[in-house]
Amino acid sequence: MPVFDITDVIDNLFTGWARPDSPGAAVAVIRDAEIVFQRGYGMANLDHDVPITPSSVFHSASVSKQFTAMAVYMLVEEGRLSLGDDIRRHVPELPDFGVLVTLDHLIHHTSGLRDQWELLQLSGWRYSKDLITDKDVLRVVSRQRALNFPPGTRFMYCNTGYTLLAQAVAIRDGLPLRSGSSRWHHCLYGAEEAASAHDRLGEGPIHRRPQPPPALHA
């Protein structure tokens with residue numbers, strides 16, 4: 001397909017979302033390692049009339065897990081972490097469950113830890129509505145007294161593990177995971193793009209959360 005046809009074709013595909021009252025998407029087409037088309041369609045924030053652009057930053061959610069795991073493995077290669085490390089060595093807020101919970105358990109969802117979103121929901125937090133920080137997650141996780149199962153005996157998808165891995169990376173790398181991942185992004189893609197992506201993080205209005213209820217004990 002000739003390059004000059006791409007714009008009309010993609011515009012037609014996203015006609016239904018190219019409105020000021022609709023969510024949408026940021027679209028890029030890469031050919032021979034070069035971006036030949038990029039455009040935003042729809043809105044990034046309907047409440048504040050923020051349109052989507054090619055530089056919009058999206059909540060990557062669990063897509064970020066692979067990059068968190070990559071960060072751990074990079075530090076393992078540097079000798080600054082070990083997959084067999086007790087997570088409490090890096091995150092002492094985690095209670096002693098009487099068994100070893102390793103970084104490897106966390107990466108592969110075999111730790112037995114209870115999931116942070118379920119714990120927060122039981123404590124009265126509203127997922128996607130309240131502003132929840134790592135400190136909030138650590139606060140509720142630190143009050144747990146048991147695991148779902150002995151580490152390494154079962155698989156159970158667990159978001160808690162990756163929050164703890166991000167904390168371990170931040171402590172060993174001396175930077176928050178966001179900053180560290182930007183530095184590694186710099187190595188792969190160049191300084192200007194990495195700095196731009198880092199600076200855009202956190203754009204937009206912040207909705208303050210209400211005072212949380214007492215953390216759940218279990």
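The values are calculated or read from the model by the stated rules, or taken from the named source; none is laboratory data. Small disclaimer: the values here were computed from a predicted structure and weren't measured. These accessible areas exclude ligands, DNA and RNA; they are computed on the full protein's heavy atoms, side chains included. Shrake-Rupley method; radii C 1.70, N 1.55, O 1.52, S 1.80 Å.
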| ³J(HN,Hα) across region 150-166 via Karplus (A = 6.51, B = -1.76, C = 1.60, θ = phi - 60°), whole Hz, x for Gly/Pro? | x, x, x, 9, 8, 9, 8, 3, 9, 5, 3, x, 7, 5, 5, 4, 4
| request: Please quote Rg/Rh for region 69-179 to two decimal places, taking the Kirkwood radius as Rh and restricting both calculations to Cα atoms. | output: 0.95
| Sorted by accessible area with a 1.4 angstrom probe, largest first, how do LEU131, LEU138, LEU106 fall? | LEU131, LEU138, LEU106
| field | With DNA, RNA and ligands ignored, accessible area of ARG114 (1.4 Å probe; Å², nearest 10) | value | 60
| remark: Heavy-atom accessible area with a 1.4 angstrom probe orders TRP17, TRP117, TRP125, most exposed first, as TRP17, TRP117, TRP125
| message | So, taking all protein chains as they sit and a 1.4 Å probe, how much accessible area belongs to GLU34, in Å² rounded to tens? | response | 120
| request: Work out the P(r) tail for region 1-160: percent of alpha carbon pairs separated by more than 29 Å, whole number. | output: 43
| For region 64-120, alpha-carbon Rg relative to the globular expectation (2.2 N^0.38 Å, N residues) | 1.17
| said: Over the Cα atoms, compute the radius of gyration (one decimal) and Dmax (the largest Cα-Cα distance, rounded to a whole number) for region 8-90, in Å. | reply: 19.3, 56
